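Here is the structure we will look at, set down as structure tokens.
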Amino acid sequence: MQPLAVIVLAAGQGTRMKSSTPKVLHRLAGLPLIHHVLETARSLEPEHLMVVVRHDRDTVAASVLEAAPSAVLIDQDDTPGTGRAVEQAVEALPADFTGDVVVVSADVPFLDDDDLLALLELHRSDEADATLLSAILEDPTGYGRVIRSSGRVQKIVEHKDASADERDVAEINSGTYVFTVEALRKHLPFVTAANAQNEKYLTDVVGLLTINRGHVSAKPVAEAWRVEGINDRVQLAAAARRLNDTIVTHWQREGVSILDPQTTWIDRDVSLAADVEILPGTQLKGATVVETGAIVGPDTTLVDTEVGAGAVVKRTDATLAVIGAGASVGPFAFLRPGTILGADGKIGTFVETKNSTIGEGSKVPHLSYVGDTEVGVGANIGAGTITANYDGVNKHRTVVGSHVRTGSHNVFVAPVRIGDGAYTGAGTVVRKDVPAGSLAITVAPQRTMSGWVEAKRPGTDAAKAAADAAATSETAS
Ligand code: UD1
Ligand code: MG
């Protein structure tokens with residue numbers, strides 16, 4: 001087996017993206033474009049994995065090393081063009097390296113492992129100097145065209161340099177190639193920037209090989225969309241749609257019910273069990289995991305969130321949360337990072353939680369804010385409860401024991417502890433710890449001023465209703 005080097009081109013500016021984020025870091029199904037490509041590159045298990053960087057160098061480099069820690073970064077110099085990028089990478093290879101060099105672009109994210117492997121095998125069985133993956137496109141605008149004569153590849157002409165006849169050619173260069181390192185070492189020094197873009201084109205190596213009686217072959221890919229480059233946001237959105245369709249279909253085949261694929265978005269690293277049901281308008285992002293029998297949606301966004309078996313999560317926004325088996329969340333719940341809801345627990349309607357553990361079977365059913373809190377098992381937090389966790393300077397914790405029952409409209413002024421089995425009355429402002437088994441109430445006696453409405457609001461509907469009520473009770477007695 002020949003040794004192998006893979007060069008990933010990622011130094012371009014991505015001008016057409018019109019973005020302060022480097023093009024190759026725009027995300028597709030939750031991952032930067034370049035991560036998709038690096039994954040495919042790594043599937044070939046090359047001895048040398050090299051990534052050429054320049055624009056937003058440090059940001060791109062950090063992202064590359066995250067996905068491929070063994071990658072060697074090559075800093076492209078001031079000479080622009082894919083030819084220069086590859087030339088510098090080849091110069092960085094050991095002088096005695098004699099194998100094949102695969103070149104891929106960081107902006108072609110759908111390239112398939114199998115397509116790349118097949119290209120490499122073809123290159124080796126043909127004993128070619130260069131083998132390129134081409135594609136037949138209905139609209140080849142913008143791509144380099146593969147120019148053949150009597151069926152044999154002669155050269156590649158970039159769209160901007162192409163004549164009208166050449167522009168009619170539907171076979172395009174995908175930007176994915178295998179070269180022998182000799183072909184690159186020999187021809188790249190002769191590539192010039194005498195073209196419409198004043199760049200050293202890698203694609204010129206093909207024409208130089210032809211002139212020098214080299215052997216170049218091109219293999220059209222079966223599914224042309226797999227080699228479409230992402231150059232602007234229209235292409236990015238179309239690619240996202242396409243990738244999402246394949247992810248949704250994959251999960252449907254794995255036994256997940258997805259009612260409306262058009263409004264369901266699932267990131268690449270999400271994991272779903274069989275018999276999960278996803279309702280319309282749901283986005284599952286990052287490393288979200290949903291266990292069997294859970295129902296998620298409608299209109300729910302989960303980021304890096306775990307949903308246990310049989311849980312129901314309705315109209316909810318959750319990030320870095322853990323939802324236990326059989327638990328119920330929403331509608332209209334906001335689970336911020338660090339929310340851990342135990343099995344069979346509940347975070348109900350208009351409830352916001354953050355950095356809080358809510359134990360097994362415990363419930364926060366309505367209109368509450370629970371932050372920096374620990375709730376034991378089997379507890380019930382009354383409607384309209386607020387944990388006042390922030391004194392304007394520091395955050396403090398609230399600890400609620402097991403089987404506690406708190407009244408409606410409580411405020412827990414943290415730091416504060418409510419012992420196991422304790423109760424609080426409606427409207428309690430809990431400023432002091434409540435021992436286990438006690439009842440805490442805030443005593444603010446109710447004053448009732450009889451006849452106040454008739455005296456102060458005469459003639460109003462309220463006064464009339466009061467008078468009618470008085471008349472009715474007189475008749476009754
Ligand atoms: C390139 C090909 C074209 C092909 C198309 C497929 C050339 C000259 N043209 O055109 O034949 O049809 O890809 O998508 O190669 N890059 C560098 N350094 C540079 C310039 C670019 O590393 O100096 C990188 C970019 O970051 C990108 C890749 O090379 O990942 C391709 O560059 P891009 O500018 O997108 O080339 P295209 O015009 O798309
Ligand atoms: Mg491109």
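The values are calculated or read from the model by the stated rules, or taken from the named source; none is laboratory data. Fair warning: this is a prediction, and the values are worked out from it, not measured in the lab. Glycine gets a Cβ as well: all are built from the backbone with ideal geometry, and neighbour counts include every protein chain shown. These area figures cover heavy atoms from the full protein model, side chains too; ligands, DNA and RNA do not enter into them. Shrake-Rupley method; radii C 1.70, N 1.55, O 1.52, S 1.80 Å.
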Subset of the stretch 139-160, residues without any contact (Cβ under 8 Å) to a residue 60 or more places away in the chain and part of a loop (DSSP other than H, G, I, E, B), comes to 139, 140, 141, 144, 150, 151, 158
Checked against (1) open to solvent by 20 Å² or more (accessible area, probe 1.4 Å); (2) within 16 Å of ligand 2 (Cβ to nearest atom), residue 2 satisfies every condition except (2)
Might you check whether a residue that is of a type in the set (S, T, N, Q) and touching a residue at least 24 places away in the same chain (Cβ under 8 Å) occurs anywhere in the stretch 320-328?
no
Note on the stretch 7-56: residues assigned to a helix (DSSP H, G or I), of a type in the set (Val, Ile, Thr) and either open to solvent by 60 Å² or more (accessible area, probe 1.4 Å) or more than 9 Å from ligand 1 (Cβ to nearest atom) (or both) are 15, 40
Note on the stretch 109-154: residues within 11 Å of ligand 1 (Cβ to nearest atom), β-branched (Val, Ile, Thr) and open to solvent by less than 10 Å² (accessible area, probe 1.4 Å) are 146
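May I ask you to say which residue of 258, 247, 230, 266 is surrounded by 18 or more Cβ atoms within 10 Å (Cβ to Cβ) and within 16 Å of ligand 2 (Cβ to nearest atom)?
Of 258, 247, 230, 266, the one residue that is surrounded by 18 or more Cβ atoms within 10 Å (Cβ to Cβ) and within 16 Å of ligand 2 (Cβ to nearest atom) is 230.
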Of the residues in the stretch 413-461, those that are assigned to a loop (DSSP other than H, G, I, E, B), among the hydrophobic types (A, V, I, L, M, F, W, C) and open to solvent by less than 50 Å² (accessible area, probe 1.4 Å) come to 414, 422
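Quick check on this structure: which one of 384, 392, 378, 407 is assigned to a loop (DSSP other than H, G, I, E, B), touching a Phe, Trp or Tyr at 6+ places or on another chain (Cβ under 8 Å) and open to solvent by less than 70 Å² (accessible area, probe 1.4 Å)?
407
Given the residues 225, 265, which is the only one that is within 16 Å of ligand 1 (Cβ to nearest atom), among the aromatic types (Phe, Trp, Tyr) and touching a residue at least 12 places away in the same chain (Cβ under 8 Å)? Write out each step before concluding.
On the way: 265 fails: within 16 Å of ligand 1 (Cβ to nearest atom).
None of the other options fit; the residue is 225.
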**Prompt:** With respect to residue 186, is the statement that it is open to solvent by 20 Å² or more (accessible area, probe 1.4 Å), over 27 Å from residue 109 (Cα atoms) and in contact with a Leu (Cβ under 9 Å, 6 or more places away or on another chain) true?
**Reply:** yes
